[in-house]
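J.: Got a structure for you, written out below as structure tokens; questions coming shortly.
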Amino acid sequence: MHSTRVEDCKAFVETLIHRYQCNPTELIRILREIQDRYRHVPDAAIEALASQLSLPRSRIVGVIEFYSFLHTAPRGRYDVLLSDSISDHMLGKQSLMDDLCRKLGVAPGVTRADGQVSVDNTSCTGLCDQGPAGLVNGYAVTRLTSGRIDRMVPLINESVPLAEWPSDFFAIDDNIRRADLLLNERPEPGAALAALLERGADALLDEIDRSGLRGRGGAGFNTAMKWRFCREAEGDAHYVVCNADEGEPGTFKDRVLLDSYADQVFEGMTLCARIIGARRGFLYLRGEYRYLLKPLQDLLAQRRQKGLLGDDILGATGFNFDIDIHLGAGAYICGEESALIESLEGKRGIPRNRPPYPVTHGYLGRPTVVNNVETLAAAAAIAVHGGQWFAAVGTAKSKGTKILSICGDCARPGIYEYPFGTPIRDILTDCGAGGTLGIQVGGPSGTFIEPGEYDRRLGFEDLATGGSFMIFDASRSLLDIVGNFTHFFAHESCGFCTPCRVGTSLMKNTLDKIHSGHGTAGDLVELRSLCELIKEHSHCGLGHTAANPIIETLERFPDLYEQRLKAIVFEPGFDLDGALEAARQLTGRDDSAAHLQQVDR
């Protein structure tokens, strides 16, 4: 970097550090702003941060290398990322990417020589109902077609600012197809807080308990119990965190709630704060939803003006609470609550050992409630309508409704809200799915169900889900689907533990070998062994579930794998003779003794 640019970089970093009050917990937000300005994080910025934040250089570099949206080498002035989710592939994503790269004269993952553009893959963008989708400089683009690619290329080559691109590129719809308790109405801003002040914190917590509300992120932990544990935990400060990092492929309901029901979500956070005694909260917004950041910040400002955030909320002396939005930087693992907290603290999103749990030792080691977006929206609705209103819907163990993100081979992808206990068959009828191969429920880490299981019901006692329904018709290859999921897990492994870091990569390579028709019976045995090892010995939930797609299909559809096997006993995973080609060229030998041949015995 030229000396003038080095000085400019150092001055810019110093400005950022001053704005963020020299706080190391703000490291990721600082790095994101540096990335936006220079298209990467220059070495001069790393040195300045290490010096002024008193952090080891290795920690800063480690954070940059951990998150997909941070880089130490320059990206293009237009950085185009296309979603690699299976739902995008089903809509022709790969041919669109090949076309885009060819017309821009750029190879995937490589910045063009003039620095104008880079094109690469990214994990699911949360736009599965309107794909193929992607990101341009972090902002979501939807419904990509060959026609849109043709329009995009000159915009990039001619350096047209994103603000001047046609608005249809960035049009994002809610696609709410079926509404029930939560989506049918939007309580007036402040209605839930007024109900809280009228009832009192203890009485409202009892209402949450009476409602039977359980966490909507997938685990299903009792919400009132979590809030009680946190309230009773010792600590000089308590915190509320809204987990809006829905990185599970096929899931996009939280995106819609934050787009159209954000007041209700913020109200739920504020209720929780009053009950547990918190004065500060965070909304952890996944990096792929960057386009929502400004509208959400504006809404928070409006709530402060209306007395719904800040000091003495709604005139109640001592009811002080405010919310900050933390934008993620591209890491699926940060959807796990302890990894999310690590990220909030400016670190790599490595899941913590538990116990202790966040309710006693969360953000900065203080008691912290981490709830899903849908859970907090439901809590606000319960405050307005009462616990019995919610509990009257659903089943004995699964009260209320569940919001589903439905995509794939169906006529009407989008958002559907159903009472717990609804048969899966009814859901498929509503979204226009017919002739299905099956449904992946709960994303890649969830469960694949076949047509014979469509009488199963939505609920924690039967088919629990964080909200993703990916539908596949009979034309799809199950091994293609499993392969996509397996590549996703290998890419998103945080790298902390060996079973997951190495195991998911080996699992991916072995599956690819079998899928391409080069596997043997020995490879199949090895694949089973790898899956069990990863499942049993990984550090966190990602590793525990990463092998699920393979384990399930090996158990239920073993013939799919066996049909792909070669008849030979063994085929090496790499070409040893080919690896010796460089040595042959150096020595000038090409006789038979300079070659290795596989011999079948």
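A short reminder: the numbers here are calculations on the coordinates, not readings from a lab. Everything quoted here is computed from the prediction, not taken from an experiment. Every residue, glycine as well, gets a Cβ built from its backbone with ideal geometry; the counts of neighbours run over all protein chains shown.
J.: Based on DSSP, what percent of beta bridges with both residues in the range 401-476 are antiparallel, to the nearest 5?
T.: 75 percent
J.: Right, something else. With +1 on the Cβ of every Lys and Arg and -1 on the Cβ of every Asp and Glu, and nothing else charged, how large is the dipole of the range 212-272 about its Cα centre, in debye rounded to the nearest 20?
T.: 300 debye
J.: How about the range 182-287: which GluC sites (Glu not before Pro) there lie in a loop by DSSP and see at most 10 other Cβ atoms within 10 Å?
T.: For GluC sites (Glu not before Pro) across the range 182-287 that sit outside H, G, I, E and B with at most 10 neighbouring Cβ atoms in 10 Å, the list reads Glu234.
J.: Test of understanding: what is the full-extension gain from Glu164 to Ser260, defined as 0.36 nm times their sequence separation minus their Cα-Cα distance?
T.: 32.0 nm
J.: Follow-up. Let me know the charge dipole size of the chain about its Cα centre in debye, to the nearest 20, where only the beta-carbon of Lys, Arg (+1) and Asp, Glu (-1) is charged.
T.: That gives the chain a dipole magnitude of about 780 debye.
J.: Find how many whole Å separate the alpha carbon centroid of the range 490-561 from the alpha carbon centroid of the range 331-362.
T.: If you average the Cα positions of each part, the centres end up 25 Å apart.
J.: Now for a different question. Per the helix-only calculation at 222 nm, which mean residue ellipticity applies to the chain, given -39500 (n - 2.57) for every DSSP H run of n ≥ 4 and division by its residues, nearest 500 deg cm²/dmol?
T.: Here the helix-only value at 222 nm equals -12500 deg cm²/dmol.
J.: List every residue whose amide H lies under 5 Å from the amide H of Lys402, counting only residues 5 or more places away in sequence or on a different chain, with H placed 1.01 Å from N in the peptide plane.
T.: Tyr418, Phe420
J.: What trypsin sites (Lys or Arg not before Pro) in the range 326-373 are in a loop by DSSP, with at most 13 other Cβ atoms within 10 Å of the Cβ?
T.: Hits after loop and neighbour filter: nothing returned.
J.: Within the range 464-544, which GluC sites (Glu not before Pro) sit in a loop by DSSP and count at most 14 neighbouring Cβ atoms inside 10 Å?
T.: none
J.: Pull out the extension gain between Glu461 and Arg186, defined as 0.36 nm times the separation in residues minus the alpha carbon to alpha carbon distance; nm, one decimal.
T.: 96.1 nm
J.: Of (1) 15, 39, 33, 12, 1; (2) 19, 49, 20, 7, 5, 0; (3) 19, 51, 27, 3, 0, which one was derived for P(r) over Cα pairs in 20 Å bins from 0, in percent from the structure shown?
T.: (3)
J.: Right, here's the next one. With +1 assigned to the C-beta of every Lys and Arg and -1 to the C-beta of every Asp and Glu, and no other charges, what is the dipole magnitude of the range 78-173 about the Cα centre in debye, to the nearest 20?
T.: Taking the Cα centre of the range 78-173 as origin, the dipole is about 160 debye.
J.: Something else now. Around Gly126, which amide H atoms from residues at least 5 apart in sequence, or from another chain, sit under 5 Å from its own amide H, with H modelled in the peptide plane?
T.: Correct list: Gly250.
J.: So, one more: How much length, in nm to one decimal, is gained on full extension between Thr72 and Ala411, taken as 0.36 nm per residue of separation minus their Cα-Cα distance?
T.: 117.8 nm
J.: Helix 293-305 versus the longest principal axis of the chain: what angle, 0 to 90°, nearest 10, using Cα atoms?
T.: Taking Cα atoms only, the helix is inclined about 10 degrees.
J.: Once you've got the Cα coordinates, tell me which of Lys294/Lys399; Lys402/Lys535; Lys347/Lys508; Lys103/Lys402; Lys306/Lys347 are over 32 Å apart.
T.: Check vs 32 Å cut-off fails for Lys294/Lys399; Lys103/Lys402; Lys306/Lys347.
J.: A follow-up question, please. Round to the nearest 10 and give me the degree value, 0 to 90, for the angle of helix 262-276's Cα axis relative to the longest principal axis of the chain.
T.: Result, in degrees: 70.
J.: If you restrict to DSSP beta bridges whose two residues both lie in the chain, what percentage is antiparallel, to the nearest 5?
T.: 45 percent
J.: Using amide H atoms built in the peptide plane, which far-off residues or other-chain residues are under 5 Å from Asn222 H to H?
T.: Correct list: Gly215.
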